[in-house]
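The next block holds one structure in the form of structure tokens; read it before the comments.
FYI, it's all coordinate maths here, none of it is from the lab. Since the structure is predicted, the reported quantities are computational estimates derived from the model, not experimental observations. Every residue, glycine as well, gets a Cβ built from its backbone with ideal geometry; the counts of neighbours run over all protein chains shown.
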Amino acid sequence: MEYNKRQRKRIDQLVGNVSKFSGKERMLFELCGHSKQRNPEDKIQKLFKLLPNESNQTHLPGHLQTFAKWKFLMSCNWEFCCLCQRSVIYIVPLGEFPDFITEKSVQIGNTKINIFELLCRFCEIFFQGKLSVKLMPQVKVSSWEITTRNHAVTGSTQQLTSDFYPHLTKLFPKDTHSVLGITYTDLYPSEELNFELGEASFKKKCAVFCFGRYPLSRYIKGIRDDISCIDGDLIWKLVKV
């Protein structure tokens, strides 16, 4: 794959100096970041173990297709057809965010962008190819029917992730490949589980994730030591989630 000058610059900004990595990590970044490599196939074989080609066996061990897998794939065939015709991933901030997040800016070249625009830039590089990424206006969720509870230990408000899906699907423009909702309120997947950072539904073409979850390990005797500013480490954790 050949990168143009603008794409090359974005990759350099994201990865930085690859000399800080060692071994296979450095080799992987070099393969991803540089289009012209000598014998790239040899490097790929060193990085990844190829699956064996067993001519006498239709399926590889551990890859047998069960009825449940077949049924699910058949139910998703229409979704695959629709997704192939849509090319935009939309990121939408949900609800209220603290001022230190909404007012935070990052310098990219000669341009200052906010945290949400930074996420869009990151996703554009990650999904580089046929998919583009756009930021939607912030949406108020106070009128949405979202199941809430208070965390048993911290008392913090938590929202049931799956309740966001019906509302997010109503926001779809015609060119939507998928929608990613970002919230600062803690999430939980079910009554039995403590919390989750995020969740996605392939059939609904939606995902929701939270980067404002209060860390339980820092909750001591009812004293909250919540996040009050954004630094480089927090931004890196955010984009990894």
Quiz item: Using the alpha-carbon centroid of each, what span in Å lies between region 87-120 and region 178-203?
Solution: 20 Å
Quiz item: If you stretched the chain out fully between residue 197 and residue 112, how much longer would it get, using 0.36 nm times the residue separation minus the C-alpha to C-alpha distance?
Solution: 27.8 nm
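In Å, the Kirkwood hydrodynamic radius of region 133-203 over pairs of distinct alpha carbons?
Values: mean 1/r = 0.0744 Å⁻¹.
Its Kirkwood hydrodynamic radius stands at 13.4 Å.
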Quiz item: Applying 1/(1 + (r/R0)^6) with R0 = 35 Å to the Cβ-Cβ distance of residue 66 and residue 99, what FRET efficiency is obtained, to the nearest 0.05?
Solution: 0.10
Exercise. Please label the shape of region 84-170 as rounded, prolate or oblate, based on the square roots a ≥ b ≥ c of the eigenvalues of the alpha-carbon gyration tensor (a/c under 1.5 means rounded; beyond that, a/b larger than b/c means prolate, else oblate).
Key: oblate
Exercise. Kindly rank 179-185, 229-235 from highest to lowest mean number of other beta carbons found within 10 Å of each residue.
Key: 179-185, 229-235
Quiz item: Between residue 233 and residue 25, what is the label-to-label distance in nm when each label sits 7 Å out along the Cα-to-Cβ direction?
Solution: 1.6 nm
Exercise. Would you please give the FRET efficiency between residue 48 and residue 139, computed as 1/(1 + (r/R0)^6) with r the Cβ-Cβ distance and R0 = 35 Å, to the nearest 0.05?
Key: 0.30
Self-check item: Nitroxide proxy distance, nm - points 7 Å out along Cα→Cβ at residue 17 and residue 174
Solution: 5.0 nm
Self-check item: In nm, spacing of pseudo-spin labels at residue 74 and residue 88 (7 Å Cα→C-beta vector)
Solution: 3.6 nm
Quiz item: Taking the Cβ-Cβ separation of residue 127 and residue 153 as r and a Förster radius of 51 Å, what is the calculated FRET efficiency to the nearest 0.05?
Solution: 0.85
